[in-house]
Amino acid sequence: MTASFAQQSGTKKSLVKVDFADTLVNTVQQGDRTFQKFRGHVQLRQDSIYMYCDSAIIENNIFVTAMGNVVIQQGDTTSAFADSLKYQGDTKQASLFGNVSLVSGSQKLFTDRLDYDLNTKTATYFSGATMTNNATQLSSKRGYYYVKNDEIYFRDSVVVIDPEFRLRSDTLKFNTKTRTVFFLGPTLITNDSSRIYCEDGFYDTNKETAEFRRNAQYQRGTQEAIADTIAYNGKKEEYLLKGKARFTDQNQEAIADVIRYEQTKNKYYLTGNASYRDSTRNIVSDEIIYDRKNQLYSTKGRSRIAEPPQILEADAVAYAQGRGTGVATGNVVWQDTSAKLTVLAERADYNRETNYLKATGGKTGRPMLITQVEEDSMYLSSDTLLATQTIDTLAKDTTRTLFAYYKVRIYKKNLQAVCDSLSYITTDSTFRLFKDPIVWSDTSQFMADTVHILLKNQQIDRVLLRNNAFIVNSPDEIFFNQIKGRDITAHFDSSQLRRMNVVGNAEAVYYALDDKNAYVGVNKTVASEMLLYFGNNQIDNIRFYSQPKSDLLPMKQAEHEKLKLPGFRWETRLRPRSPDDVLTVLENLQPSPSLGKR
């Protein structure tokens, strides 16, 4: 049968109409209330709302109680199913009970009790519900489904199960159209290999992109990460940590303002106040790029890399960990704390495994080496500094060798030197100066084809002059004591010159002093060998060997210019006067023309 009833008050569009029922069971009048009961294939309608059930009781054509296989539809895409229904036509509010399901497109919501506002298309549940969206299943104890906006809010014991992940949360919002999950409270997301915790953010399941905010934490195997925000791109397999970012993996730790991690490449990009450490090194820089797969890292901005006992600072560093090789550029500072050694340069090529270092460029285009000798700093500069290391496995000994070339200049408070090139070997603690070497100590100048400076307990022990040895000593730079021979060995004690052995064609020009340090004459001696003793950097005594020939001339009778031995040079213009002076190179290191040639 088909029936239509007029409402006693209200507009026509608010009527609940009976389009069909097998039977009108009865009509009951109670005061101003009228009840009609229908049974069998009941079909009801109010405006665009359609209801179907096995039986229904209608009060005043506006309030409906429906039972058995209840269906309520609104439009073409939204339907609700239940065992029973209470519907208020004046407000279009529906309460569904028992095996309730709400279907909108591909979304299906299942619960035992559902309140549905058909005006706003809002469904509310308070006793637990589960929603399915294709392969994704969401459930919670309470929820609000805004069908018109394609949004559902899940509250209290929220669980999401997806083929790609599992989620537990206090509160979240789900956009059924974009399949995007919004985290509105403490949330834990897990899959087969990782765990993510946050208290705010979203996850777009279609695009596989996400942002996790507020106390964001990530864990994958031994890897852990925290940041103000953790962004994830599943298609790129890329993580972005922003704000107080920290990433750890076993003995590795990375900290920066922003950390980007490419999972497929196993590559990290650290930007802003960046630091990285592992079991062997600690890196601090403005930006660090670490390729863990290929064991490569590089830095940009002022960088500090500590690999005890070595420390490296530079504006940029590139390092291949697998090969142990690296390049540092820009205001390079390299230190070996165990050897008390510092190198300043513009570029340093190094090998961490072999302790190889090549330094070039610098403050004035030249690198500088600073080391400790006699508890004092020694400064050395040249065009190139090269340090190598060899290991004798049988003797279990390590030898470090330093090469400096070209135009070497050295400054120490009590020792200065220049030469074309130099080497230093740790096993014998000896500096070897080659090609036009000149060494100064207080008022003495040492020259030879080759000069060796031997250290003992980090103090100057001996200076060896080999071939064409020539020593000039002058307290006043007016009169010059001269010592010449094939080879000369100068012995030092507590940084003071104490004695000197001259071997082979020895010659000496010595200005004698009286008790008041006044010149009394000049002595010129030739011998095959001689031994000189010094006190306060002045000659105290001379011993001659093998029939010496000696002449003593009064000061007024001596022709002092002619007393200058062949090869005499007094090269004060070449002498470094300060640490910075070793960086200044005179273009001509040859003998001064006015002083003759050797």
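Looking only at residues in region 348-366 that are modelled with pLDDT of 80 or more and farther than 15 Å from residue 384 by Cβ, the one that is nearest to the chain's Cα centre (by Cα) is 351. If you go through region 343-370 and keep only what is closer than 25 Å to residue 280 by Cβ and assigned to a loop (DSSP other than H, G, I, E, B), you end up with 352, 353, 354, 355. When 509, 502 are checked against the criterion of being of a type outside the set (Ser, Thr, Tyr) and under 21 Å from residue 559 (Cα atoms), 509 stands alone in meeting it.
Within region 2-35, track down each residue that is assigned to a loop (DSSP other than H, G, I, E, B), touching a Phe, Trp or Tyr at 6+ places or on another chain (Cβ under 7 Å) and either at pLDDT below 85 or among the β-branched types (Val, Ile, Thr) (or both). The answer is 2, and nothing else.
The single condition among (1) assigned to a strand (DSSP E or B); (2) within 46 Å of the chain's Cα centre (by Cα) that residue 470 does not meet is (2). Strands (runs of 3 or more DSSP E) fully within region 255-342 that include at least 1 residues being touching a residue at least 24 places away in the same chain (Cβ under 8 Å) and more than 28 Å from residue 225 (Cα to Cα): 310-320, 325-336. Residue pairs whose Cβ atoms lie under 7 Å apart, sitting 6 or more positions apart in sequence or on different chains, and linking a residue in region 236-250 that is more than 15 Å from residue 221 (Cβ to Cβ) and touching a residue at least 12 places away in the same chain (Cβ under 8 Å) to a partner that is basic (Lys, Arg) and surrounded by fewer than 20 Cβ atoms within 10 Å (Cβ to Cβ), are 238/260; 240/260. If only residues of region 225-238 that are more than 17 Å from the chain's Cα centre (by Cα) and assigned to a strand (DSSP E or B) are counted, the one that is surrounded by the most Cβ atoms within 10 Å (Cβ to Cβ) is 230. Only a single criterion out of (1) over 46 Å from the mean Cα position of the chain (by Cα); (2) farther than 23 Å from residue 54 by Cα is not satisfied by residue 157, namely (1).
Residues in region 440-450 that are under 20 Å from residue 577 (Cβ atoms) and part of a strand (DSSP E or B): 440, 441, 444, 445, 446, 447. The set of residues from region 73-105 being of a type outside the set (D, E, K, R), free of Cβ contacts under 8 Å to residues at least 40 places away in the same chain and not in a strand (DSSP E or B) comprises 75, 77, 91. Screening residue 475 on (1) under 57 Å from the mean Cα position of the chain (by Cα); (2) in a strand (DSSP E or B); (3) closer than 20 Å to residue 572 by Cα shows it passes everything except condition (2). For region 30-62, a tally of residues being in contact with a helix residue (DSSP H, G or I) (Cβ under 7 Å, 6 or more places away or on another chain) and surrounded by fewer than 18 Cβ atoms within 10 Å (Cβ to Cβ) returns 1.
Tally up the residues in region 479-526 that are farther than 14 Å from residue 565 by Cβ and either within 57 Å of the chain's Cα centre (by Cα) or not assigned by TED's automatic domain parsing to the domain that holds residue 539 (or both), please.
Of the residues in region 479-526, 14 are farther than 14 Å from residue 565 by Cβ and either within 57 Å of the chain's Cα centre (by Cα) or not assigned by TED's automatic domain parsing to the domain that holds residue 539 (or both).
Cβ-Cβ contacts under 6 Å between residues 6 or more apart (or on different chains), taken from a first residue in region 492-514 that is farther than 18 Å from residue 476 by Cβ to a second residue that is modelled with pLDDT under 90 and not in a strand (DSSP E or B), are listed as 495/374; 495/414. Checking each residue in region 218-262 for being within 20 Å of residue 180 (Cα to Cα) and among the polar types (S, T, N, Q) picks out 229, 233.
Name every residue in region 309-324 that is of a type outside the set (Asp, Glu) and more than 17 Å from residue 354 (Cβ to Cβ), in order of residue number. Within region 309-324, 311, 314, 316, 317, 318 qualify. Screening residue 261 on (1) within 30 Å of residue 317 (Cα to Cα); (2) surrounded by fewer than 23 Cβ atoms within 10 Å (Cβ to Cβ) shows it passes everything except condition (2).
Have a look at 65, 27 and point out the one that is of a type outside the set (Asp, Glu) and either surrounded by fewer than 16 Cβ atoms within 10 Å (Cβ to Cβ) or within 60 Å of the chain's Cα centre (by Cα) (or both). Spell out the reasoning first.
On the way: 65 fails: either surrounded by fewer than 16 Cβ atoms within 10 Å (Cβ to Cβ) or within 60 Å of the chain's Cα centre (by Cα) (or both).
So the residue among 65, 27 that is of a type outside the set (Asp, Glu) and either surrounded by fewer than 16 Cβ atoms within 10 Å (Cβ to Cβ) or within 60 Å of the chain's Cα centre (by Cα) (or both) is 27.
Count of region 391-428 residues, restricted to those that are at pLDDT below 90 and in contact with a Lys or Arg (Cβ under 6 Å, 6 or more places away or on another chain), is 1.
Can you name every residue in region 438-474 that is of a type in the set (Gly, Ala, Ser) and at pLDDT 90 or above? Selection gives 448, 469. Which one is surrounded by the most Cβ atoms within 10 Å (Cβ to Cβ), of the residues in region 290-323 that are touching a Phe, Trp or Tyr at 6+ places or on another chain (Cβ under 9 Å) and among the small types (Gly, Ala, Ser)? Within region 290-323, the match that is surrounded by the most Cβ atoms within 10 Å (Cβ to Cβ) is 314. Which one is nearest to residue 578 (Cα to Cα) among residues in region 419-439 that are in contact (Cβ under 8 Å) with a residue 24 or more places away in the chain and more than 40 Å from the chain's Cα centre (by Cα)? Filtering first and then ranking leaves 439. Only one residue in 139, 157 is without any contact (Cβ under 8 Å) to a residue 40 or more places away in the chain, crowded, with 16+ Cβ neighbours inside 10 Å and either not in a loop (DSSP other than H, G, I, E, B) or not hydroxyl-bearing (Ser, Thr, Tyr) (or both), so which one is that? One residue alone meets the criteria, 139.
Per the listing 467, 481, 473, the residue uniquely surrounded by fewer than 18 Cβ atoms within 10 Å (Cβ to Cβ) and of a type in the set (S, T, N, Q) is 467. Checked against the criteria, residue 573 counts as loosely packed, with under 14 Cβ neighbours inside 10 Å and touching a residue at least 12 places away in the same chain (Cβ under 8 Å).
The values are calculated or read from the model by the stated rules, or taken from the named source; none is laboratory data. These numbers were taken from a predicted model, which means no experiment stands behind them. Heads up, the Cβs are rebuilt from the backbone with ideal geometry, glycines too, and the neighbour counts pull from every protein chain shown.
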